[in-house]
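Contents: one structure, followed by commentary.
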Protein chains: 2
Amino acid sequence: MKTDIDIAQAADVWPIEKIAQQAGLTSDEWEPYGRDKAKIQLHERTKQQKLGKLILVTSINPTPAGEGKSTVTVGLADALASQKHKTMVALREPSLGPVMGLKGGATGGGYSQVIPMADINMHFTGDFHALTSAHNTLAALVDNSLYQGNPFNLDPRRMLWKRALDVNDRALRHVTIGLGGPTSGVPREDGFDITVASELMAILTLSKDLADMKVRISRIVVGYNYNKEPVTVSDLGFAGAITTLLKDAIKPNLVQTLAHTPALIHGGPFANIAQGTNSILATKSALHLADYVVTEAGFGSDLGGEKFLDFKVPLLGKVPDTIVVVATVRALKMHGGEDKKNLSTPNIEALQKGLANLGRHLKSMKRYGVPVVVAINQFTADTIEELNMVKAYAAKFDVPAYIADVWSQGGDGAQELATGVVLATDKAKNYQPLYQPDDEALVKIEHIVHEIYGGQSVVLSDKAVKQLQTFKKYGWDKLPIIMAKTQYSLSDNPNKIGAPENFDIHIREFIPKLGAGFLVALTGSVLTMPGLPKHPAALDIDIDNEGHIIGLN
Amino acid sequence: MKTDIDIAQAADVWPIEKIAQQAGLTSDEWEPYGRDKAKIQLHERTKQQKLGKLILVTSINPTPAGEGKSTVTVGLADALASQKHKTMVALREPSLGPVMGLKGGATGGGYSQVIPMADINMHFTGDFHALTSAHNTLAALVDNSLYQGNPFNLDPRRMLWKRALDVNDRALRHVTIGLGGPTSGVPREDGFDITVASELMAILTLSKDLADMKVRISRIVVGYNYNKEPVTVSDLGFAGAITTLLKDAIKPNLVQTLAHTPALIHGGPFANIAQGTNSILATKSALHLADYVVTEAGFGSDLGGEKFLDFKVPLLGKVPDTIVVVATVRALKMHGGEDKKNLSTPNIEALQKGLANLGRHLKSMKRYGVPVVVAINQFTADTIEELNMVKAYAAKFDVPAYIADVWSQGGDGAQELATGVVLATDKAKNYQPLYQPDDEALVKIEHIVHEIYGGQSVVLSDKAVKQLQTFKKYGWDKLPIIMAKTQYSLSDNPNKIGAPENFDIHIREFIPKLGAGFLVALTGSVLTMPGLPKHPAALDIDIDNEGHIIGLN
């Protein structure tokens, strides 16, 4: 069987100018990066074009079985394009850490991929590297301030700005720096986050232009002084330099799908510690250029979906016209308690039980007042009976469900889904946000926990309670909430799969992200720096002298 | 007065396709990165074109006064081009750390610059970021091996592979990693080098193609096992993945000077811990494409010059046709003991004394049997008497000296220098390497110390003596030597400026770089991670919403 990279490398790649033309970009609205990638920047004229329809792809809680959300996103877009709709894909950029670790690439799969697959999965147009570089430059500048007489009276025990690398490197989670004597800095505890968890990543993907980005960067709180007052990048005077380092990274990237549908791939904030969707600029640009834009939110609808609908929508100024919830028979069987190794065996009982997970997601997505459809991402071993069970289950929620075979057929395998989605986008919408901007932090969290997770109470740790008091003093208490929760469960316990009930959500700590403009609520133990598995993907990756790559999946 | 960035941003930038055509590249030998940058890869046909003349620009020992070696390199190339010679520049890429610190950019100055200046000084085409990323991916994989049962029996106390970032960050020189308990790695001491000091940087710039690079990466020794035996990347199985991450970084970058002379800018190994010149591939490509190639070696001729002539030349397969030694009246006065703040006042006595530094460099460069010329990089305050003294001094060595005013005049200010250089390249050459490949390490070092530095003896620390014994066992004892010495003095003491005599060189330690294929001999305290000054350049850098940058110099 052909691997993803085999298919991608054998693809008929169109020159990027052809894709740019097809997308409706004028020749000075894009700059090439190689022959098959470009960065775009829309003119005012283009920005005045009316917005297309927005289709948000989300999913049930992810399982080790894999749901194929990106694959469905790309396949659906190719199907829409094949039906002569002017379509664009708007996706996140993959993080290199997981590519070298367990997860592999994040550019779709099989015959529903964005290309050049290897480039997008590695360095692409350098956006993540620019962010890593800007992040660590700021960290070096902050530690230099500590070292050079500490004019801002920074308390080395109360620093918030860590360092960042786009690797999976558990050994960098907790470090001590500044060792080696008086010429090598001030010793203190520190740590590294993966670049996608950097506040700069959140900022880049939320900014509407360079000026907005600079204002946001200025607001970043790097730590507290000995009087426990926040010290910002603006105080330190580095906002200009850090913004300058991101002058190109802020521009969305244009590539194509295997079927030559234009795709904007830009930014990759964690759906955990940040908003988990591609940039406002990319989504907005796609909406100006195309009649149908298919985009994706990270993890399940409880994480990426909720954040898109409550946090991104107001900034984007556009409500999705349809929400697609991706589910697979295999993943639902896992939610019903089946073991990963038995997923190819029909198991009606496990499926029946697992469907409750889908039900929760349908219920919570429907509450936003936007049409919802289910995409059943078909696998070879799925039986007709199993597939029909999912359809029938969705029908109970008045939600149409379509079987899509996008991995092996590309857009051809999503024709029904595409037709169904187009129908859904024409339905009436009545967008209902989950909370009001003025609600207290705790009220916002309660809305999320009750209406999205299906949980009982919100339990704040002593630290979290104290933090909210302090934040009130600083005027941070009404910022939007970004929940950092395990993606595997609707609860904060990754083992509670399916549709857990009667659970509480425990908020361990808040992390203020003043630049991004939200408060992260940490539940359970959310890792912001992943580790590598025993057999990392890197062991299988190789390249020959002609540049042909194997093992990158 | 206009700053470098003002001049660069006001420049008439030609589209990169025009520069590529002018350089003689066919349309499939280059790929655009934006409208004004490209990556190149020559066809076999082009690689068979005969090599042009090679002009190596080096200098006296650098001083805080600045010598303007890159500026002279660019100005000389523009002057040659204006005289209708087919010319290319071959330079290193600047490191971002110093750009944000004290040094500022490294793309020439005034009217002798390569452009786009801001891009080249920041992320350029992502080469350094790819290296940083590959370096830290390898580090994460190595620490993961330690964590996942340590199948290679690695001794965490004897690790050689550190981490790397392209920042000036003294707080990362000495760190402890793997803290935070049993799920967050194995605790050990570690440190970060600046990316230009990474062995991968040396490897990238020494490799003749992807296959050669993979072989070199395989040979990297990441550390020792508990039996004190070296463990390599090949043992661990990661050479393919790391090479894949560098598949584009290995391709030279094409840009232009302000006068539209094609410039290949590629790689930036430290002239200290590595060879200190741009890549073999870039220099070789330029030699295939142009009749005159002007390239530069890092720091003074004792560091970059010696390494070019003894280490790079055999790999390049080409001896320079002329060596240009850059000197300034100001720097020579500093070598004569004058204080930096008085350099604008004529001071014949200090100049007379300082000329001895130039004399040493002329003597040692002449010994290679290659024609030598002096370029006096003129500053406004230099008097005719002072400039003539330098000329007369060079004449004693039978070396012609030319005054060049490249900062304010560009190529127009280097017409005489260019004519002189062309004459010199036509002279007979009789290249004499400093040592033979089969010489013992100590013999090689003695040649460098006696004939280049003008020192007396080589003193090895006990550790260094022991290391040489061990290295003999491993067959590493006859590798080429890369001296890591202060750039400010011919000795290993940065305070001994001018022309010190009767000094010994103390080798503290060797660092084996098996992938790059050399032994680094560390003298004095050579820092592989710089720090930031009290007033870092980052404080003055800013950007407006239209992308106009200030303060980047």
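The values are calculated or read from the model by the stated rules, or taken from the named source; none is laboratory data. All values reported here derive from a predicted model rather than from experimental measurement. Quick reminder, even Gly has a Cβ in these numbers, built from the backbone with ideal geometry, and neighbours come from all protein chains shown. Just so you know, the surface numbers come from the protein's heavy atoms only, side chains and all, with ligands and any DNA or RNA stripped out. Shrake-Rupley method; radii C 1.70, N 1.55, O 1.52, S 1.80 Å.
Treating cross-link reach as a plain straight distance, find the aspartates and glutamates whose alpha-carbon is under 18 Å from the alpha-carbon of B:Lys478, omitting any fewer than eight places away in the same chain.
Partners within reach: B:Glu306, B:Asp310, B:Asp438, B:Asp439, B:Glu440, B:Glu446, B:Glu509.
Taking the label point 7 Å from Cα in the Cβ direction, how far apart in nm is A:Ser408 from each other copy of itself, listed shortest first?
Spacings between copies for this position, smallest first, are 7.6 nm.
Would you mind checking which residues have amide H under 5 Å from A:Gly109's amide H? H placed 1.01 Å from N; only 5 or more apart, or other chain.
Correct list: A:Thr71.
Quick one: what are the phi-derived ³J(HN,Hα) couplings along the stretch B:28-42, Karplus 6.51/-1.76/1.60 with θ = phi - 60°, whole Hz, x for glycine and proline?
Values per residue, Gly and Pro as x: 9, 9, 8, 10, x, 10, x, 8, 10, 9, 8, 10, 10, 8, 6 Hz.
Roughly how many percent of the accessible protein surface of the stretch A:480-553 is carbon and sulfur, given a 1.4 Å probe and a whole-percent answer?
Its accessible area is 50 percent carbon and sulfur atoms.
I'd like the orientation of helix B:127-147 relative to chain B: the angle between its Cα long axis and the longest Cα principal axis, in ° from 0 to 90, rounded to 10.
Helix B:127-147 and the main axis of chain B meet at about 20 degrees.
In what sequence, highest mean first, do B:63-71, B:13-21 appear when ranked by Cβ atoms within 10 angstrom?
Listed from highest to lowest mean packing, they are B:63-71, B:13-21.
Given only helices, namely DSSP H runs of n ≥ 4 each adding -39500 (n - 2.57), what is the per-residue ellipticity at 222 nm of chain A, to the nearest 500 deg cm²/dmol?
Result for chain A: -9000 deg cm²/dmol, rounded to the nearest 500.
Which entries in the list A:Lys312/A:Lys463; B:Lys318/B:Lys429; B:Lys214/B:Lys473; B:Lys84/B:Lys391; A:Lys312/A:Lys513 go over 22 Å, if you measure between the two C-alpha atoms of each?
Over 22 Å apart, Cα to Cα: A:Lys312/A:Lys463; B:Lys214/B:Lys473; B:Lys84/B:Lys391.
Show me, for the stretch B:526-531, the HN-Hα J-couplings you get by feeding each phi into the Karplus relation (A = 6.51, B = -1.76, C = 1.60, θ = phi - 60°), rounded to Hz, glycine and proline as x.
Couplings: 8, 8, 9, 9, x, x Hz.
At 1.4 Å probe size, with every protein chain present, just tell me what the per residue accessible area of chain B comes to in Å².
Value returned for chain B: 34 Å² of accessible area per residue.
Tell me, what ³J(HN,Hα) does each residue in the stretch B:321-338 have, in order and in whole Hz, if you take phi through Karplus 6.51 cos²θ - 1.76 cosθ + 1.60 with θ = phi - 60° and put x for Gly and Pro?
Result, rounded to whole Hz: 8, 7, 10, 9, 9, 8, 9, 10, 4, 4, 5, 5, 5, 5, 5, x, x, 6.
Angle, helix A:462-474 long axis vs. longest principal axis of chain A, Cα atoms, 0 to 90°, nearest 10?
It is inclined by approximately 70 degrees.
On a straight-distance basis, which aspartates and glutamates could pair with A:Lys39 in a cross-link, Cα separation under 12 angstrom, same-chain partners fewer than 8 positions away excluded?
Candidates past the 8-residue exclusion: A:Glu17, A:Asp28, A:Glu29, A:Glu31, A:Asp127, A:Asp248.
Give me the percent of DSSP beta bridges within the protein assembly as shown that run antiparallel, rounded to the nearest 5.
Antiparallel: roughly 45 percent of the beta bridges in the protein assembly as shown.
Considering Cα pairs under 8 angstrom that are at least six residues apart, work out the relative contact order of chain A and quote it in whole percent.
So the answer I get is 21 percent.
Under the convention of a label 7 Å out along Cα→Cβ, give the distances in nm from B:Gln436 to the same position in every other copy, shortest first.
So the distances to the same position in the other copies read 9.1 nm.
When the accessible area of the stretch A:135-265 is split by element with a 1.4 Å probe, what percent falls to carbon and sulfur?
Carbon-and-sulfur percentage of accessible area, whole number: 52.
How about A:Lys53: which aspartates and glutamates have a C-alpha closer than 15 Å to its C-alpha, ignoring those fewer than 8 places off in the same chain?
A:Asp291, A:Glu296, A:Asp321, A:Asp426
Interface A/B, total buried accessible area with a 1.4 Å probe, nearest 100 Å²?
About 6000 Å² of accessible surface is lost on pairing.
Specify which residue in the list A:Pro437, B:Val406, A:Gly185 is farthest towards the positive end of the charge dipole of the protein assembly as shown, using unit charges on the beta carbon of Lys, Arg (+1) and Asp, Glu (-1), about the Cα centre.
A:Gly185
Any chance you could give the angle, 0 to 90 degrees and rounded to 10, that helix B:210-219 forms with the longest Cα principal axis of chain B?
50
Can you list the copy-to-copy distances for A:Asn342, using a point 7 angstrom from Cα toward Cβ, in nanometres, shortest first?
Shortest to longest, the spacings are 9.0 nm.
For the stretch A:464-553, what is the charge dipole size about the Cα centre, in debye to the nearest 20, if Lys and Arg each add +1 at the Cβ and Asp and Glu each add -1 at the Cβ?
800
For the stretch A:325-473, what does the relative contact order come out to in percent, with C-alpha contacts under 8 Å and a separation of six or more?
21
Rounded to the nearest percent, how much of the accessible area of the stretch B:356-428 (1.4 Å probe, protein heavy atoms only) is carbon and sulfur?
Carbon-and-sulfur percentage of accessible area, whole number: 55.
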